[in-house]
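The values are calculated or read from the model by the stated rules, or taken from the named source; none is laboratory data. Computed from a predicted structure; not experimentally measured. Note that we place each Cβ from the backbone using ideal geometry, even for glycine, and neighbour counts take in every protein chain shown. In case anyone asks, the SASA skips ligands and DNA or RNA and just uses the protein heavy atoms, side chains included. Shrake-Rupley method; radii C 1.70, N 1.55, O 1.52, S 1.80 Å.
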Amino acid sequence: MTAFKDHFSTNNAGYAAHRPAYPPALVDFLADAAPDRDLALDVGCGTGQLSALLARRFAQVVAIDASAGQIAAAAPVERVRYHVAPAERSGLPDLSASLITVAQAAHWLDLAPFYDEVRRTARPRAVLALITYGVLHLADAAADRVVRHFYEDVIGPFWPPERKHVEDGYRALPFPFAALETPALDIEVRWRLADLIGYVETWSAVRAAETSVGRGPIERFRTDLAAAWGEPDTIRDVRWPLSLRVGRVRDT
C-alpha cells in the first residue's frame, strides 16, 4: 500500500469552511444512475462536502478518509457515518454499496487496490464516480488574472506531481469500468474577497510554499487580489467546471 500523503490536516478548519459545495445536480445524476438509493460510499471524503449532499438522496452514506483530522472537522449530518479508513479498506461488507464516489481525491489514491475494493463492495450495477475540479474561473477579469498568475507562476513549482491529474480532468487515470455518459456541470458560488482568500489558503501548494519559503507569496497574493477586487464585500461570481469519470462496476 502506498503511504498516505496527508496534504490537508494542517488546515482542517479552513478546509471545512472554505471548500466549495458540489451542485445538487451532480448528486441527482449519480443517484439516478445507481441501481438503488440504499447506501453510498464516499471515499476520501475530507470534511464531508459531498457526503452531506449524498445523504439527501441515499438512505445511508458511509464517508471515509485516511486523515483523522479531516474526519474530526466534518460536521455531523443525519444519515452520514464518518470514519477514518484508507480507500482500499473501507470496512463495508461485500456487495453493499450502490454508489461509490471519490471527490477531489482520486489522484491521491493507490488505484489498483482501491479498484479491488470497489469490485468487492459494489452491488450489481453499482456506479463508481471519480469527480474533480481544477483552477477556478472568476467573472471579473482583473481578479481572475491575479489568481491564475499566483496558481501557475508563483506557487506552480510547489504543487505535488499528482496535481497534473486534476488539471487534465482525470483523463490519464486508469478507469477499467464501463463508462457512462456524464452531463456538463459546474460548481458555482458567489464570494466576497475573504471567501476566495480562505479557499486559496486550503491549497496544498500554498502549504508547501509556506513550509519552504514562508508566508511571503501568499501575503503578496492577498495584497494583489485585494487591489484587483476593490471593495472587500463586493460579491463576485466564481466557477469551477467539473470533470467526471463515471462507470458501472459490473452489469450483474
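Stretching the chain fully between Arg81 and Asp28 yields a gain of 17.0 nm (0.36 nm per residue, less the alpha carbon separation). Looking at the chain, the accessible area is 43 square angstrom per residue; that uses a 1.4 Å probe and ignores ligands, DNA and RNA. Using θ = phi - 60° in the Karplus curve 6.51 cos²θ - 1.76 cosθ + 1.60, the 3J(HN,Hα) couplings for region 99-110 round to 9, 10, 10, 9, 9, 6, 9, 4, 6, 8, 8, 7 Hz; x is entered for Gly and Pro. Rounded to whole numbers, the Karplus 3J(HN,Hα) couplings from phi for region 114-128 are 5, 5, 4, 5, 4, 5, 5, 8, 6, 6, x, 6, 5, 10, 10 Hz, using 6.51 cos²θ - 1.76 cosθ + 1.60 with θ = phi - 60°, and x at Gly and Pro.
Among residues other than Val27 whose Cβ falls under 12 Å from its Cβ, what is the net charge (Lys/Arg +1, Asp/Glu -1)?
0
Its residues counted as N, region 157-252 yields a C-alpha radius of gyration over 2.2 N^0.38 Å of 1.44. The share of accessible area on the chain that comes from carbon and sulfur is 52 percent, using a 1.4 angstrom probe. Taking amide H positions as modeled 1.01 Å from N, with prolines and chain starts lacking one, the residues under 5 Å from Ala122 and 5 or more places away or on another chain are Leu95, Ser96, Ala97.
Would you calculate, for the chain, the mean residue ellipticity at 222 nm contributed by helices, counting each DSSP H stretch of 4 or more residues as -39,500 (n - 2.57) and dividing by all residues, to the nearest 500?
-9500 deg cm²/dmol
Most tightly packed first, judged by the mean number of other beta-carbon atoms within 10 Å of their residues, the peptides 57-63, 116-122, 183-189 read 57-63, 116-122, 183-189. Does region 24-140 come out rounded, prolate or oblate, given a ≥ b ≥ c as the square roots of the eigenvalues of its C-alpha gyration tensor, rounded meaning a/c under 1.5 and, failing that, prolate meaning a/b above b/c? Rounded shape, in that the Cα axes give a/c under 1.5.
Highest mean packing first, where packing is the average number of other Cβ atoms within 10 Å per residue, the peptides 74-80, 36-42, 171-177 line up as 36-42, 74-80, 171-177. May I ask for the angle, rounded to the nearest 10°, between helix 204-213 and the longest principal axis of the chain, with both axes built from Cα atoms and the value confined to 0 to 90°? Approximately 50 degrees, to the nearest 10. The angle between the Cα long axis of helix 24-33 and the longest principal axis of the Cα atoms of the chain comes to about 20 degrees, rounded to the nearest 10. A Cβ-based charge dipole, computed about the Cα centre of region 23-109 with Lys and Arg at +1 and Asp and Glu at -1, lands at about 180 debye.
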